[in-house]
Amino acid sequence: GTQQQQAMDTKLSKVIQLTGFSDPVYAEAYLNVNQYDILLDVLIVNQTGDTLQGLNMELATLGDLKLVEKPVPCTLGPHDFINIKASIKVSSTENGIIFGNIVYDIVGSTSDRNCVILNNIHVDIMDYMQPARCTDAEFRKMWAEFEWENKITVNTNITDLNGYLDNIMKVTNMTCLTPAEALTGECGFLAANLYAKSVFGEDALANVSIERVVSGEGEGYAGASGEGGGCQPVQGHVRIRAKTQGMALSLGDKINLSQKKSSA
């Protein structure tokens, strides 16, 4: 049914092509993200008529990622394939990169060891962010304490204030702490506090402060619901605060990327 199709689509979206179809060795990886680790299931195909020996997938990481289970070297016959697994431990919430290459020798050849460079695998911070709630007092206390702030200037063609807020909540997995009653009605500006918590217990705060100006005769403010003609895109900024620089920057990147998509 539809649910099975959606599950399959979600699974396929986690498959990453690591080499080109014309490379002597083709590789693609399925990224299985668990709470504290990532399991890489890599399909490697020998596209040549030679036997490849000492074939090894060498991986390295950037960010708070650590390779805990290295792949074991193997031998691959002509046009044969193999599945290789690698385990990576995740210790904090920030975007990470897994990169590396596949090295091998050709049986019967005196040439140097061959190397195929893999495409980078980007680990998405959103796999570790969960919507959460806290009191106003707790929010203010954390806002004052947290060292890292990332201020993002709004750059979008969304003309609806609540629409822009919904988009931010969707891409960051954050909960809006500001009551719904305070966000309704006709008003040319909107301010809201957002909160999320990572699976590692790290807090992320955001303050959205946006406005929308009506263009044309007698410039003035338009309603939050986007009613009224000649509306300009939403303007303003989003401030993110977190204990770590990595989380503040990663969430900022996520918002900037979504803004570009929304304005495309």
Practice task
Filter the range 52-77 down to residues that are outside any loop (DSSP other than H, G, I, E, B), touching a residue at least 24 places away in the same chain (Cβ under 8 Å) and more than 17 Å from the chain's Cα centre (by Cα), then give me how many there are.
Solution key: 13
Problem - Criterion: out of contact with any Cys (no Cβ under 9 Å at 6 or more places or on another chain), within 18 Å of N95 (Cα to Cα), touching a residue at least 24 places away in the same chain (Cβ under 8 Å) and open to solvent by 20 Å² or more (accessible area, probe 1.4 Å) - qualifying residue of N162, N157, N119 - result: N119
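Residue by residue, here is whether (1) open to solvent by 40 Å² or more (accessible area, probe 1.4 Å); (2) part of a strand (DSSP E or B) holds:
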site: H79; (1), (2): yes, no
site: K89; (1), (2): yes, yes
site: E94; (1), (2): yes, no
site: I102; (1), (2): no, yes
site: D105; (1), (2): yes, yes
site: S111; (1), (2): yes, no
site: M126; (1), (2): no, no
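This table checks each residue for (1) closer than 17 Å to Y36 by Cα; (2) touching a helix residue (DSSP H, G or I) at 6+ places or on another chain (Cβ under 8 Å); (3) aliphatic (A, V, I, L, M).
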{"position": "D64", "(1), (2), (3)": "yes, yes, no"}
{"position": "P71", "(1), (2), (3)": "no, no, no"}
{"position": "N95", "(1), (2), (3)": "yes, yes, no"}
{"position": "D105", "(1), (2), (3)": "no, no, no"}
{"position": "D112", "(1), (2), (3)": "no, no, no"}
{"position": "L118", "(1), (2), (3)": "no, no, yes"}
Exercise for the section: Only residues that are surrounded by fewer than 24 Cβ atoms within 10 Å (Cβ to Cβ) and more than 15 Å from L165 (Cβ to Cβ): list them for the range 234-247, please. Expected result: R241, K243, T244, Q245, G246
Practice task
Of all residues in the range 110-145, count the ones that are in contact with a Gly (Cβ under 8 Å, 6 or more places away or on another chain), hydrophobic (A, V, I, L, M, F, W, C) and modelled with pLDDT under 90.
Solution key: 1
Practice task
Kindly provide the set of residues from the range 182-200 that are at pLDDT 85 or above, within 22 Å of E211 (Cβ to Cβ) and of a type in the set (D, E, K, R), ordered by number.
Solution key: none
Exercise for the section: Please name all residue pairs, on different chains or six or more residues apart, with Cβ atoms under 7 Å, provided the first residue is in the range 230-258 and is hydroxyl-bearing (S, T, Y) and the second residue is open to solvent by less than 10 Å² (accessible area, probe 1.4 Å). Expected result: S250/I125
Handout entry: Leading residue by the ranking (most open to solvent (accessible area, probe 1.4 Å)) among those in the range 12-37 that are polar (S, T, N, Q) and not in a strand (DSSP E or B)
Key = S22
Completion exercise
Exception for Q130 within (1) open to solvent by 40 Å² or more (accessible area, probe 1.4 Å); (2) in a loop (DSSP other than H, G, I, E, B); (3) among the polar types (S, T, N, Q) falls at (2)
Completion exercise
Taking the range 98-141 and keeping residues of a type in the set (D, E, K, R), in contact with a Leu (Cβ under 8 Å, 6 or more places away or on another chain) and within 20 Å of S22 (Cα to Cα) leaves D105
Problem - Residues satisfying the stated conditions in the range 207-264, i.e. at pLDDT 60 or above and among the basic types (K, R) - result: R212, R239, R241, K243, K254, K260
Problem - Looking only at the range 171-182, and only at residues there that are touching a residue at least 40 places away in the same chain (Cβ under 8 Å) and surrounded by fewer than 20 Cβ atoms within 10 Å (Cβ to Cβ), the one that is nearest to S258 (Cα to Cα) - result: V171
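The values are calculated or read from the model by the stated rules, or taken from the named source; none is laboratory data. These figures come from a predicted structure and were not determined experimentally. Backbone-built Cβ (ideal geometry, glycine too); neighbour counts: all protein chains shown. Accessible surface is based on the protein model in full, side chains and every heavy atom, while ligands, DNA and RNA are left aside. Shrake-Rupley method; radii C 1.70, N 1.55, O 1.52, S 1.80 Å.
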